[in-house]
Every structure is written in C-alpha cells, then in structure tokens.
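One structure is given here, and the rest of the page talks about it.
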Amino acid sequence: MNESESVAGGSCPRCGWPVAEQQIVSSHASSLGQLRYQTCVCGITLVVLAGDVVAAVSATA
Ligand SMILES: [Zn+2]
C-alpha cells in the first residue's frame, strides 16, 4: 500500500473531474481489479478499472 492520493488517469478525460467524486452506476469485481461504471458531472459515462479511467462513453441520445 503505497499509493498517492490521486493517480494519473484517475480523472475524467473530458472535464478532469476526479473519478472518486463521481456517481458509481455499477461495480463489478474482475481479475484485473474492481471495474466500475461511473457517470461524470459532465454527462459522459466512464469505465474505471482499479481506479484508472480505461474508457469514456459519450451519451448522445
Ligand atoms: Zn467529465
């Protein structure tokens, strides 16, 4: 356990909002770490794997 408070990639690529402050839509355990789907304040959905943003999905209805 030697992690800093925030790591690179731990924020929204669009607006920079930290993933720790976003609403968690769903959370799943995976072999690579905790996988979460989160909705950012800017309206996009982020896929977060073990605290890092791995994908961002714009919700364009
Ligand atoms: Zn955002």
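The values are calculated or read from the model by the stated rules, or taken from the named source; none is laboratory data. Here the structure is a predicted model, which means the values were calculated and not measured. Positions of Cβ are generated from backbone atoms using ideal geometry, with glycine treated the same way; all protein chains shown enter the neighbour counts. In case anyone asks, the SASA skips ligands and DNA or RNA and just uses the protein heavy atoms, side chains included. Shrake-Rupley method; radii C 1.70, N 1.55, O 1.52, S 1.80 Å.
Of note:
- For the range 30-42, a tally of residues being open to solvent by 40 Å² or more (accessible area, probe 1.4 Å), within 16 Å of the ligand (Cβ to nearest atom) and of a type outside the set (D, E, K, R) returns 4.
- When residues in the range 28-40 are screened for being farther than 11 Å from ALA50 by Cα and not aromatic (Phe, Trp, Tyr), 3 of them pass.
- The set of residues from the range 1-24 being part of a strand (DSSP E or B) and either modelled with pLDDT under 65 or open to solvent by less than 80 Å² (accessible area, probe 1.4 Å) (or both) comprises SER11, PRO18.
- Sole exception among (1) within 15 Å of the ligand (Cβ to nearest atom); (2) exposed (fewer than 15 other Cβ atoms within 10 Å of the Cβ) for SER27, by number: (1)
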